[in-house]
Amino acid sequence: MKCAKLAFILAVFGQTACAHMPSHSATAEQFGPPKSTLGELDATKLLGVIPSRAASLGASEASIVASGETVDGERLGAFVEVPADACLVAYARGSASIDDLDIATYGEDGTPIVVDEAADQHPAIIMCPPHPERIYLAVHVASGEGLVALAAHLVPRSRAESVGALLNARGGVNDGPRSTDGWTGLDDMVRKHRATLGGRWEEFRKVAVPVDVRTTSYVNFPIGADQCTDAFIVSDEGVGQIEVEAFDREGQSVARAREADKGETITVCSRGAVAASLTLRPHTGRGLAAVVLARTRGETARDLARRPDVISTAVARGMSSARNELGAQLAKAGYGGATFSAKRELKTGRRDTVAIDWASAAANGCARADVIAGGGMTELEATAWDEDGTRWASGKGYTSATLFVCTKKSGHLDVDTVGVAGPYELIVRPETWQNAAFTQHPHAAARMLSRSATGPDSIHEGAPTAVKSFHADSETINVWEEPLAAGRCLRVAAGAEQRDHLLDLRLLDAVTREEIDRSRASDAVSARACAQSDRKVRIELLLDSGATDVVVGERVMN
């Protein structure tokens, strides 16, 4: 149609041009299919001249540990063998579309060794002896996506500082835990800290760790089953305040350090074994931090001046399963059936109250009350009261709580939680350990019974051998001796009739006067002594101030 109109116009002017117009039907130039070649992007080009410059300063040839296309949050890595006398230098580079890379080395148990988490595109670390002979080296894309290359060199210790400076590497030639020998005043600071904290501790590690404001340092922080681990951290003059945190193997934070006299401290207890680690990062400066680790029995947590952090490692169980397992353990320990039980529901933010005739439930002696959580409920807290509003006992736990009550009155039990709420079951049994002194000094007896019970299920070990009651004061040390046969252990527990009295219980060898165990706490204490050969144990009990009646219970176990 357009051609006809144009022909008419041109004809008017005596011209014909339609024949020269291009036609859509004309054949266009054709291309063949594109050629493709199998292969990958060469990430080594991202490293530029860095490998050759590092080699010129004494490093080995570069090894490409990992490379490839990555997206935000992805991690690449591989195992690297590092000779015991060599340093390792590692660095990562990414394409321009990647804004932030992190790089880290890990031991084979997953414990971080050296980490560069600074917000930049050019991370680098240097790791020198002492270190594992096989580590895992990884790069993490913190922001962006694109091509990444992770490279590593082995470097003689004498050349490590020069190579590290070339790359502005985190860490240093002197990285790695070292001895604290020569650290002026450290032992005195630790002793003062332990005395303030309370309990009896076994020191098992003392190291000096390099710390740097630019990076994070790590120290293994193991916690044994039914144990507590305490860390005391103090830095040298070149380092500002250190931020210290404890993490479990899943990377979950379990505790933060609290400020202590001239240092930082973390105390963590657990029912199950936990392979944790401490992270240390100063607010300013670079230098050394001394880390002193000590452990104690889980029951010592009740002796401590301040409440420790607690890791719950209990396996989730149904309430009926937990009740049956506890019942079997208590039956084995000589307990009878329940004299009172109730199944209740605890709501978040609300305390639940259960009325109990304690005298009837205890069969006119002392009673044992177990609160068992169900439905994922955690962090239980239970308190026993009589009808006059007098508090008799309290107990805390993560999946269960146990109390001992010695009263002939009616009363009630309050149950609360600071964690997840849900159903629970209360079971009361008569206590198997009975004595006339328990009814004469019911508060002291209840506290002694609670302190004597051990383990996750709060069960009395061995057999009772003696019960003593007397009036104690701060002016007199109550002293007596007990024979202990070879291969046996003696547990001594004491409770005060009145609250807020600080008790100090010591067990010593009667011949050498060497201290075997010590417990110092408010209201109730417990200590333990064992004998490889026949010995006599000297027992000393003292009140720090005031005066009150005390009940002491002794048990012997194989």
Sequence-distant or interchain residues sharing an amide H contact under 5 Å with GLN227, placed H: which? SER270, GLY298
Taking Kirkwood radius over Cα pairs in Å as the quantity of interest, determine which of (1) 33.0; (2) 28.6; (3) 31.7 was computed from the displayed structure. (2)
Suppose R0 equals 41 Å; then what is the FRET efficiency for VAL511 and ALA275 from their Cβ-Cβ distance, rounded to the nearest 0.05? 0.50
Sorted peptide list for 285-292, 48-55, criterion being average Cβ within 10 angstrom, highest first: 285-292, 48-55
Output wanted: per-residue J couplings in Hz (rounded whole) for the range 356-361, from phi through Karplus 6.51 cos²θ - 1.76 cosθ + 1.60, θ = phi - 60°, x for Gly and Pro. 9, 8, 4, 4, 5, 5
Within the range 277-309, which residues have the backbone N less than 15 Å from the label spot 7 Å out from LYS192 along Cα→beta-carbon, could you tell me? none
VAL213-THR37 FRET efficiency (beta carbon distance; Förster radius 60 Å; 0.05 resolution): 0.80
Decide, for the range 186-311, between rounded, prolate and oblate: order the square roots of the alpha carbon gyration tensor eigenvalues as a ≥ b ≥ c, take rounded if a/c falls under 1.5, and otherwise choose prolate if a/b is larger than b/c, else oblate. oblate
Taking R0 as 56 Å, what's the FRET efficiency between SER97 and GLU345 from their Cβ-Cβ distance, rounded to 0.05? 0.55
Determine, for LYS332, LYS468, LYS536, the number of other Cβ atoms within 10 Å of each Cβ, and report the residues in order from fewest to most. LYS332, LYS536, LYS468
Sequence-distant aspartates and glutamates (8 or more away, or on other chains) whose Cα lies within less than 12 Å of LYS347: ASP416
Which shape class applies to the range 108-244: rounded if a/c is under 1.5, otherwise prolate when a/b exceeds b/c and oblate if not, where a ≥ b ≥ c are the square roots of the Cα gyration tensor eigenvalues? prolate
Nonlocal amide H pairs with VAL82, under 5 Å, H built at 1.01 Å: ARG134, ILE135
Check: C-alpha center the range 535-558 vs C-alpha center the range 81-116, spacing in Å is 55
Note on the range 424-520: alpha-carbon gyration tensor, axes a ≥ b ≥ c; rule is a/c under 1.5 for rounded, else prolate if a/b larger than b/c, else oblate; result oblate
May I ask you to list the lysines whose Cα is less than 27 Å away from that of LYS343, ignoring any residue fewer than eight positions away on the same chain? LYS332, LYS396, LYS408, LYS409
Exposure proxy ranking, count of Cβ atoms within 10 Å, fewest first, for ASP544, ASP116, ASP226: ASP544, ASP226, ASP116
Helix-only [θ] at 222 nm, the chain, -39500 (n - 2.57) per DSSP H run of 4+, per residue, nearest 500, equals -4000 deg cm²/dmol
Ordered by residue, what ³J(HN,Hα) values in Hz, to whole numbers, does the range 457-474 give under the Karplus form 6.51 cos²θ - 1.76 cosθ + 1.60, where θ = phi - 60° and Gly and Pro are x? 9, 6, 10, 6, 7, x, 10, x, 10, 7, 9, 10, 9, 7, 8, 10, 8, 7
In what sequence do ASP386, ASP99, ASP303 fall when counting other Cβ within 10 Å, fewest first? ASP99, ASP386, ASP303
³J(HN,Hα) across the range 546-558 via Karplus (A = 6.51, B = -1.76, C = 1.60, θ = phi - 60°), whole Hz, x for Gly/Pro? x, 8, 6, 6, 10, 10, 10, x, 10, 9, 10, 9, 6
Amide hydrogen neighbours beyond the local backbone of VAL420, cut-off 5 Å, H modeled: THR378
Sticking with the crude label model, points 7 Å out along Cα→Cβ, report the distance from ARG499 to ASP85 in nm, one decimal please. 6.6
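Since every read-out is calculated from the coordinates, none of them should be taken as a lab result. Because the structure is a prediction, the values reported are computed rather than measured. Reconstructed Cβ throughout: ideal geometry from the backbone, glycine too, with neighbour counts over all protein chains shown.
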